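Every number in this text was worked out from the coordinates using simple rules, so none of it is lab data. A quick note: this is a predicted structure, and the numbers were derived from the prediction, not measured. Cβ sites come from the backbone with ideal geometry, for glycine too, and all protein chains shown count toward neighbours.
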Amino acid sequence: MGQEIVGQEDIKEPGKRSRLWHHKDVRHVLKHNEGTNAIEGIFLNLAKKKGINLDSRAFTNMSSLRVLKFYIPEGLDMSFEEQHSDSKVQFPDGLDYLPEKLKYLHLHKYPLRTLPENFKPKNLIELNLPFSKIVQIWEGKKKAFKLKSINLSHSQYLIRIPDPSETPSLERINLWNCTNLAWVPSSIQNFNHLSLLCFQGCKNLRSFPSNLHFVCPVNIDCSFCVNLTEFPRISGNITKLNLCDTAIEEVPSSVECLTNLEYLYINRCKRLKRVSTSICKLKSLIWLCLNECLNLESFPESSEKINLGRTTVTELPSSFENLEGLGTLGLESWSELGNLKSFQYIGAHGSTISQLPHLLSHLVSLHASLLSGLSSLNWLNLNNCALTAIPEEIGCLPSLEWLELRGNNFESLPVSIKQLSRLKRLDLSNCSMLQSIPELPPSLKWLQASNCKRLQFLPEIPSRPEELDASLLQKLSKYSYDDEVEDVNVSSSIKFLFVDCIKMYEEESKKNLADSQLRIQHMAVTSLGLFYELQERYKLRGTVLILPGSEIPEWFSNQNSGSEITLQLPQHCCQNLIGFALCVVLVWCDPEWSGFNIDFRYSFEMTTLSGRKHVRRRCFKTLWFVYPMTKIDHVVLGFNPCGNVGFPNDNHLTTVSFDFFSIFNKVSRCGVCPVYANPNGTNPNTFTLNFATEVWKLDDMASARGTSDEEELEPSPKRICRDDQINTP
C-alpha cells in the first residue's frame, strides 16, 4: 500500500517522488542526475543486482534527502568472495556532495576514503558504512552534534574515529573487524552518552590507554582481539566487558575498579592463568563466564557468579551445595539443574525441557513448595523451550522482574501473572499459539508480544485508572528535558509492542482500538507515577503502544492526513496541561527493511493579549524497533508528557504544531489529543487525567480552574482544528 501511494506521486518521473526503492528507478534517477528536491528517501538493495557508476554530483539537486540507504538485507549471509569484492556502487570521479538534511546514511561497501569534504552532518543521526574503504569518516573537524550511532564494521582501512568534540551525542560505536585499527584514543572516555563500544575482531589492537574512566553506563566488547594481551586498565561505569578469545593472561587486582560491572565474559582465553581475588569485591557482578579457559591455574576461593554453559560437565558435584553465596549459574542447553540452595537468575535457553514443572521440580526440591521458595529469583529465561503451558505457580515469585518466554507453544498465560508485583519486562514474542493475555501487573514497563500470529486481543485493562498525587503537578512544572540516552531502568518509559500480530489486523483492529483511550490512560498514569515516586533518578518519558491497524481512534478529535498537524488551545491552557496523547498510522513501504522508527517534534507558540509571542520547541525519539515485518499497516499510540511548558499564566492563545517522521515507513495519518490534570472533587490532594476529546471539555476545564465570565472563551470549532484550518506558526 505504501509503495502504491508513493508511486502515484508521479507515475512518469520517479525523480519527483518522495521515496525511491525500486532498483530501476533508483538507477535511472542517479545515473541521469534526475534527482529533485521532492526526494526524501532512497533505498537500494545491493543483493544480486548489477553494479552502477555514479556521477560525483549525483545527489546535488536532492536538498530534501533525509534517508540514503545502499544496503544488503539483514540476515543475508555473504560469501567470503562477496565480502571482499568491490562495491556495486562506484564513484569513479569521487563524491562531491551529500545533502545536509541527511538523518540516516547507510552506504554498504562505500568505496572512498572519506565522506565529501563539504558535507555538513549537522542533522545526521545514524551513520552506517559497513565493509567500506573508509580511512576516516571525514577530514578536519565537523559538527555532528546529533549523531547517535556509527557502524564502521569490517572497514579494514579505518585508522581514526571522530572526536567527542565533534560527535558529543554518540551512543553506539561499532568497529567490529576493523583490522587496521591499532590504538584507542584516550579521548574516547569523553563520550558522555556512550552505551556500546565494539572492538570485536580488531586483531591489531594490542592494548588500551591507561586510566580510562567512563562516566556513562557502557558495554565494551573486545572479543576476538587476538593480540590484546593485557586486561584493560579502565574504571568507571562499565556494565559489560567481553574479552572472549583474547590473549590476556590474568584478571588483575585492578578489576576492583569496575564497581558497576555486571557481566564479565572471558571465554576461550587459552593463555589465562589467574583471576585475582579482587574480583570478589565486585558487588554488582551478575555473571562471570570462564568457559574453555583450559590453562586457568587459580580461582578465588569465594565466588558468587559462575557460568558453566556449554561445557562438558554433565553433573554438578555435591560440593556446589556449599556455595551459599551463589547467585548466578548459567546452564544453557542442560536438561537438569541439580542441587543448589538459592538462585537469583535461571537461564534455560534452548534446553530440551518440554514442560515448565519438569524444570522447576529440580530447583525447588530444596524448598517446601514448588515455587514459593524462590524468593530471590529476579530473572527467568525460558525462551524457545517448546512449553505448552505455564503453571499458576508462576505468580509465586515475589522478586521476579524479567520473564522471558519467547518462542514457546502455550495458548494463554495464567491469571496469577498479575500477582508478580515487581515484574518490569515480559517477552512473549514469537509465541505462535498464544491467543490471549490476561490482566498484567501494573509494574510492567515493557511488553514484547510481536509476531504472535494467533493473538487477537490486547491484555485486559484494570477496571479504573489510579489517581495521582496533586504534588506531581508542581514537580512537572519544574522539570526540564535533557537529551540523555534512555535507560529503561531509570526512565518512566512504558512500551507495549504487538508488531505483526496478524489476527489483530484481520479481525480485531477496531475492537482493540475501541478501548485505546482507557488503555493509554492507564499507561500514562503508571508512567507519571513512576516519575513521581522516583523523580531524582528517573527520566520523564512517555508511553508507546503499537499494534496492527490503519485507523486513528475516533476519540482523537484532532486528526489530519499526512505527518503534520496543528491545533489551537484555549486561554489558560498551560496551567494544568499534562501532555498529549498521540497517534500515527505507519504504512509499510520498504520491501527489505525489517523495522521502523518514530521521531516527532512539537513546538508551542503563545500569543498573549498584549501581543507578545513565546515559542518552545521540543523533539523526541519515541521508538526504534527492529523486527521482520509483514506488509501490514500499524498504529502507534502513545502519551507524551510535556513537563515545564514555561509560559506565564496571563491570558493568551497557544498553538501547538506536531511533525511526525519515520525513516523507513510513511506516516499516512496522525492525531493529537491534549491531556489535562482533572482535580478530584472529593479529594483535592489527587487528580486524574482528562483527555480533551471534544472542544466543550476544554471549555469546562477552563471554567473549572476559576476563570471569570469575561475570561471564558465562547465555544468555537476553531479552537481545536485540523491542519488545514490554521496557519502553522
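Just a few scattered comments:
- Phi-derived couplings, Karplus 6.51 cos²θ - 1.76 cosθ + 1.60 at θ = phi - 60°, listed residue by residue for region 402-407: 10, 10, 10, 10, 4, x Hz, with x used for Gly and Pro.
- Amide H partners (placed H, <5 Å) of HIS106, local residues excluded: LEU68, LYS69, PHE70, ASN128
- Among 437-444, 62-69, the order from most to least packed when residues are scored by Cβ within 10 Å on average: 62-69, 437-444
- Our estimate of slack between ASN190 and SER416, defined as 0.36 nm per intervening residue step minus the Cα-Cα distance, is 76.7 nm.
- Simple label model, 7 Å out from Cα along Cβ direction - GLU292 to GLN435, nm: 4.5
- Modelled spin-label separation between LYS50 and GLU117, with each label point placed 7 Å from Cα along the Cα-to-Cβ direction: 3.5 nm.
- Inter-site label distance for ASP93 and THR229 at 7 Å from Cα along Cβ, in nm: 5.1
- Members of LYS16/LYS103; LYS16/LYS101; LYS24/LYS453; LYS101/LYS141; LYS31/LYS148 lying beyond 25 Å, as alpha-carbon distances in this model show: LYS24/LYS453; LYS31/LYS148
- Stretchable slack from GLU249 to HIS32, in nm (0.36 nm times residue separation minus alpha-carbon distance): 72.3 nm
- Protection proxy ranking of 205-214, 233-242 - average other beta-carbon atoms within 10 Å, highest first: 233-242, 205-214
- FRET efficiency estimate (nearest 0.05) - Cβ-Cβ, ASN680 to ASP163, R0 41 angstrom: 0.15
- Packing-based ranking, highest mean first, of 101-111, 162-172 given that Cβ atoms within 10 Å are counted: 101-111, 162-172
- Segment GLN136-LYS281, length gained on full extension (0.36 nm per residue, minus Cα span): 48.2 nm
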